1. Would you mind getting the Kirkwood hydrodynamic radius of the range 190-240 from its Cα pairs, rounded to one decimal in Å?
2. Express in % the proportion of alpha carbon pairs of the range 1-153 at distances exceeding 26 Å.
3. Could you tell me what fraction of 2.2 N^0.38 Å the Cα radius of gyration of the range 63-126 comes to, as a two-decimal ratio?
4. Quickly estimate the mean residue ellipticity at 222 nm for the chain, helices only: each DSSP H run with n ≥ 4 gives -39500 (n - 2.57), and the total goes over all residues, rounded to 500.
5. Using a 7 Å offset from Cα along Cα-Cβ at GLN220, what residues in the range 239-272 end up with backbone N under 18 Å from the label point?
6. Per q in 0.14, 0.15 Å⁻¹, report the Debye log10 I(q)/I(0) for the range 223-280, using one uniform scatterer on each alpha carbon and no solvent.
7. Which of LEU73, VAL26, ALA279 sits farthest toward the positive end of the charge dipole of the chain, with +1 on the Cβ of Lys and Arg and -1 on the Cβ of Asp and Glu?
8. Find how much the distance from SER12 to THR239 grows on full extension, using 0.36 nm per residue of separation minus their present alpha carbon separation; answer in nm with one decimal.
Amino acid sequence: MPLVQARGLQKSFRGKVAVHDLSFDVVPGSVTGFLGPNGAGKSTTMRLMLGLDNGDGLTTYDGVRYHDLDQPLRHVGSVLDAKPFHPTRRAADHLWMLAASNDIPRRRVDEVLDIVGLHDVSRGRPRTFSLGMGQRLGLAAALLGDPGTLILDEPANGLDPQGVHWLRALLQTLAGQGRSVFVSSHLLSEMALMADQLVVIGRGQLIASGPVADFISASQRNAVAVEVDDPARLAAEATARGAAVTGEADRRLVITGMDQRAVGALAFDLGLRVYELVAREPTLEEAFLEATGASEEFRASMGFQQEARQ
């Protein structure tokens, strides 16, 4: 299965840089989540990867550019729009048109319609489809060629909770078969359950790339909650060692800047009785907000700017 390598991607719109010197890998056998605030350049990056936008840089699929792939649907499947089809063409006919263009047998159309749960509406016209059904039809098109790579921009948009669960299971299954799955989403709680790897960008530039666990463990929000018989003494000693200490109810301390083992060792050295010692790991959402600095793009998308003015 292909290793996807993006190198030096760059794109500007009317003098404003949307993507700047962006490089990352999407490794086979993983779901790689693509995260960034609204306006960070995620959709533009995916279009650059597929050669749909003019820009600088290069993306290769096992060393081959998308435009140079023979029968590209057999190598890369993509969904960049919830309804990328003619509204009056029947769903099955839309897929058959795509299949014929890449010499994919007609039986594959029925197979992918079954996979995405649209077999019963295969003769329906997409203009009557809901947003969620449109997403499923887009996924069917992406899967037509049984590709080794999938590039999906917000594929969960319009899906109900059951559909989101189905999508997660599908993408994890496809990755488990050795495929490279690159997916963007604003549903961070879902991404935490789905993704093995992350690529995080802000203002068009790379912030982080690597395993989800490493991204979370690097967060400054990692902390240790501890309850001892003399919290003031532990707090003073931990502070002296450069840690940050805050107090909670019931004599519990929350310490950042020291891991669980170090806090336990310090309490032992001080001869303190320990009633609780728990590592607190931030959620992916908390780590993401810290890494992106709650940027202006994100704040605007969440309505924070409007609230501040009221």
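1. Numbers: mean 1/r = 0.0715 Å⁻¹.
Result for the range 190-240, one decimal place: 14.0 Å.
2. On the way: 3655 of 11628 pairs.
For the range 1-153, the fraction of Cα-Cα distances above 26 Å is 31 percent.
3. 1.19
4. Values: 12 runs with 111 residues, N = 310.
That calculation yields -10000 deg cm²/dmol at 222 nm.
5. Backbone N within reach: 239-247, 254-259.
6. The Debye formula, applied to the Cα set alone, gives -0.27, -0.31.
7. So the residue furthest toward the plus end is LEU73.
8. Details: separation 227, 0.36 × 227 = 81.72 nm, distance 4.66 nm.
The span from SER12 to THR239 would gain 77.1 nm if fully extended.
Here, each number is a calculation from the coordinates, and none is a lab measurement. Treat the numbers as computed from the prediction; the structure is a model and nothing was measured. Positions of Cβ are backbone-derived with ideal geometry, glycine not excepted, and every protein chain shown enters the neighbour counts.
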